1. Only one of (1) assigned to a helix (DSSP H, G or I); (2) at pLDDT 85 or above; (3) surrounded by 20 or more Cβ atoms within 10 Å (Cβ to Cβ) fails for Ala126. Which number is that?
2. Going through region 169-191 one residue at a time, which ones are part of a helix (DSSP H, G or I) and either in contact with a His (Cβ under 8 Å, 6 or more places away or on another chain) or free of Cβ contacts under 8 Å to residues at least 24 places away in the same chain (or both)?
3. Across region 169-183, which residue is nearest to Trp17 (Cα to Cα) among those that are at pLDDT 85 or above and surrounded by 19 or more Cβ atoms within 10 Å (Cβ to Cβ)?
4. Is region 145-155 home to any residue that is at pLDDT 80 or above and within 15 Å of the chain's Cα centre (by Cα)?
Amino acid sequence: MMLTDNRTPTWFFYPGWVAAGAISIPIAWYVTWAIISQIVSIVGGSIVVEGESRITEDLIGVYVLVPALGLVMGVLQYFLLGRYLPRMGWWIGATVLGWVLPMALLRLATFGSIPGLGIDPMWRGAVGFGILGASLGLCQWLVLRRRIPRAAWWILAGVVGWGMAGVFSGESISSQLDVIAVALLPPTAASIAWWSLLEKLPARSLRSTNS
């Protein structure tokens, strides 16, 4: 079954998608800082974990930032997509899930510390970000698969876009160039994928069922 009630996006959709992806990162950082500041004001600047004192911000930062990124990105993308595809509310939850699912693995992934992988340090960033792109693409594909044909290409776009960002930034984001790569390459790859997928959608039509 495929649900259709679509219209072809205007030109604004594609740079809008890139802009939404780019601004998601600073917005999520601000939201994370605001949340962590409140937590620090309650529990203090350090927490004792297994007898060892840890800085609160360092300990919980990623666990706040990752869901915040998923939520902010999902909401901004939803407002863009909602004009062209029907019933996209699940997109927000899928985007949050896509960010959260690989978090445990990515926390392990210096990859060199995982026996048997032996991945060259130069490629660890590409692999790590590629896993994130695959997770996002797969979760979002679950929302898209009954709305657009050939939706599986969306997963590939996620892997390519985020993998390229990882090639440029490496394992850590430590420079302005790294930030630009992570902010722009994934949504640019996604906007190209959208152009391929959405431009071929049938014009606005009655909901139909296709076997």
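The values are calculated or read from the model by the stated rules, or taken from the named source; none is laboratory data. The shown structure was predicted, so the numbers you read here are calculated from the model rather than taken from an experiment. For neighbour counting, all protein chains shown are included, and Cβ atoms are generated from backbone atoms with ideal geometry for every residue, glycine included.
1. (2)
2. Across region 169-191, the qualifying residues are Gln176, Leu177, Asp178, Ile180, Ala181.
3. The extreme case among them is Ala183.
4. Taking region 145-155 as the starting set, the residues that turn out to be at pLDDT 80 or above are 145-155.
Subset that is within 15 Å of the chain's Cα centre (by Cα): 154-155.
Yes.
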